[in-house]
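What follows is a set of notes on a single structure, which appears directly below.
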Amino acid sequence: PSIPIYLAVSQQRMCELAGRVADGAIVMGPAQPDMVRRQVEWIRSSGRDCEIALIAPTSMDIDDMRSWASTQARLLAYFKELPASLARFAGEIKASDESYDYSEHLSTAAGHSHAVSDELVRALAIVGSPGDCAARLRELREVGVDNFIFPLAGRGRAARWRKLRDEVLDHIMV
């Protein structure tokens, strides 16, 4: 039996490669529907059947997502073109890149995580009330995502997973 091969993707060339040669794609980056839609289109452009999973950082507490969002902002600074939904954050994304301290990469206590505003955190991650988070996940599912991967950074992972499962996923797994 063969082992399914998934490629982690974010930009166009990797998305297209995954669509041509992989069994699946793990989409990384902001949980912005317009950006994810574009990534899904690139993956599916080959016409092959390719499973698409989205890394979906989700929390009811904005501070749980701040460090992850600062990392995403740093990476977005190198994109050729930002999606329309993120264009208004171009200056903040650049400032986040300039202040990023890689020695604190993804640390929930990272000093550079304060470089991103609450508004940008909400744009990059899935943050809000359980109903808000469920609505955003549904919207992402509608643009062509087959599965979600939920990263849980920092302390209290088991408790945060239970809260996500019981308060958010119950709204979309009907």
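The values are calculated or read from the model by the stated rules, or taken from the named source; none is laboratory data. Computed from a prediction, not measured in an experiment: that's the story for all the values here. Heads up, the Cβs are rebuilt from the backbone with ideal geometry, glycines too, and the neighbour counts pull from every protein chain shown. Areas reflect the complete protein model, heavy atoms only, side chains present, ligands, DNA and RNA absent. Shrake-Rupley method; radii C 1.70, N 1.55, O 1.52, S 1.80 Å.
Output the residue which, of all residues in the range 124-162 that are charged (D, E, K, R) and modelled with pLDDT of 90 or more, is least open to solvent (accessible area, probe 1.4 Å). Let's see the steps before the verdict.
Our first condition is that a residue be charged (D, E, K, R); within the range 124-162, this holds for 132, 136, 138-139, 141-142, 146, 155, 157, 160, 162.
Those left that are additionally modelled with pLDDT of 90 or more: 132, 136, 138-139, 141-142, 146, 162.
Working: ASP132: 89, ARG136: 36, ARG138: 105, GLU139: 86, ARG141: 131, GLU142: 151, ASP146: 53, ARG162: 115 Å².
Among those that are charged (D, E, K, R) and modelled with pLDDT of 90 or more, it is ARG136.
List the pairs whose first member sits in the range 1-30 and is farther than 17 Å from PHE148 by Cβ, whose second member is open to solvent by 10 Å² or more (accessible area, probe 1.4 Å) and of a type in the set (Phe, Trp, Tyr), and whose Cβ atoms are under 7 Å apart, counting only residues at least 6 apart or on separate chains?
As it stands, the answer is GLN11/PHE79; GLN12/TRP42; CYS15/TRP42; GLU16/TRP42; GLY19/TRP42; ALA22/TYR6; ASP23/TYR6, since those pairs meet every condition given.
Counting just the residues of the range 142-167 that are within 13 Å of the chain's Cα centre (by Cα) and not hydrophobic (A, V, I, L, M, F, W, C), which one comes out farthest from PRO30 (Cα to Cα)? Talk me through it step by step, then tell me what you get.
The initial filter retains those residues of the range 142-167 that are within 13 Å of the chain's Cα centre (by Cα), namely 145, 147-152.
Restricting the remaining residues to those that are not hydrophobic (A, V, I, L, M, F, W, C) gives 147, 151.
Details: ASN147: 15, PRO151: 13 Å.
Across the range 142-167, the extreme among qualifying residues is ASN147.
Output the residues belonging to the range 56-89 that are in contact with a Gly (Cβ under 8 Å, 6 or more places away or on another chain) and open to solvent by 10 Å² or more (accessible area, probe 1.4 Å).
Residues satisfying the conditions are MET60, ASP64, GLN72, LEU75.
Just checking, which of ILE93, ILE55 is touching a residue at least 60 places away in the same chain (Cβ under 8 Å) and of a type in the set (Val, Ile, Thr)?
The conditions single out ILE55.
Within the range 1-39, track down each residue that is more than 16 Å from TYR78 (Cβ to Cβ), in a helix (DSSP H, G or I), open to solvent by 70 Å² or more (accessible area, probe 1.4 Å) and not basic (Lys, Arg).
Matches in the range 1-39: VAL21 only.
Please verify whether ILE43 is crowded, with 23+ Cβ neighbours inside 10 Å, touching a residue at least 12 places away in the same chain (Cβ under 8 Å), of a type in the set (A, V, I, L, M, F, W, C) and part of a helix (DSSP H, G or I), treating the condition exactly as stated. So that I can check it myself, show each step before the final result.
On the way: crowded, with 23+ Cβ neighbours inside 10 Å: yes; touching a residue at least 12 places away in the same chain (Cβ under 8 Å): yes; of a type in the set (A, V, I, L, M, F, W, C): yes; part of a helix (DSSP H, G or I): yes.
Here the answer is yes, as ILE43 does meet what is asked.
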